Amino acid sequence: MNNCPHCQVALKLSDAQRTKIDQAFKALAPGKHLTIKCPQCKKSIKLAASVTTESPVEQGVTPPGPPNPDWLKAGQFEDEEKVEDVPMALVLHPDSAGRQKIQQSMEAVGYLVVTVDSVQEALEQMRFVTFACIAFHVDYEQGALADSEFHAYMRQMSMDRRRYIFYILIGGELRSLYDLEALAHSANLVVAEQDVDHLDLILRKAIPDYEELFGGILEELGAYGKR
């Protein structure tokens with residue numbers, strides 16, 4: 001794919017974006033696809049993994065041509081808008097309909113979403129892919145949340161990894177945007193089952209609030225090499 005199928009603008013990805021997408025393809029289950037946002041029109045573009053051993057990113061996007069030198073003659077220079085690294089999200093939901101709703105909402109706010117069919121697959125994905133956000137439904141595994149293998153993994157994760165993951169819990173007994181409840185469950189956000197249809201709006205509020213509260217701290221830690 002050379003151009004966006006919606007606006008026909010040539011797709012230009014940074015090396016970091018290509019690496020991220022390539023890693024996601026390598027960990028992707030057979031028959032599944034990834035979705036990215038066009039940096040120009042912001043619409044979703046579905047990418048299918050190639051059946052060959054070559055990089056799917058290299059096959060799907062043609063390298064950009066040489067820059068236009070006209071600005072040299074005009075003596076003018078304007079900064080180009082930079083395309084930020086595509087943040088990746090992992091979704092664990094027990095049914096396909098709910099999973100699709102969550103995926104669409106997360107894609108709407110700019111995430112590249114990966115879905116899985118088991119806890120083992122999720123843990124395997126996390127070995128190779130750095131996820132900025134993880135959404136976990138409390139009914140994904142049988143039994144209570146306190147007995148969940150995946151939730152226990154998130155709670156026991158070393159802080160140098162955990163602090164960079166926005167962890168969302170979704171469930172029928174939870175109360176959306178209730179910070180004390182999120183804190184009690186070692187999550188960053190809780191969302192009630194009945195509010196999933198409005199997840200994109202909830203994320204548009206919760207994520208900026210989180211970044212405003214912790215963004216400065218994370219930047220300082222990064223400056224001192226304490227990821």
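Coordinate-derived values only; no laboratory data. These numbers come from a predicted model, not from an experiment. Here the Cβ positions follow ideal geometry from the backbone for every residue, glycine too, while neighbour counts run over all protein chains shown.
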Give me the extension gain from residue 175 to residue 117: residue separation times 0.36 nm, minus the current Cα-Cα distance, reported in nm with one decimal. 18.3 nm
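What is region 93-171 by shape, rounded, prolate or oblate, if you read a ≥ b ≥ c off the alpha carbon gyration tensor as root eigenvalues and call it rounded for a/c under 1.5, prolate for a/b larger than b/c, and oblate otherwise?
Because a/c hits 1.5 or more and a/b fails to exceed b/c, region 93-171 counts as oblate.
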Let's see if you can work this out: charge +1 on each Lys and Arg Cβ, -1 on each Asp and Glu Cβ, no other charges. What is the dipole magnitude of region 113-163 about its Cα centre, in debye to the nearest 20? 380
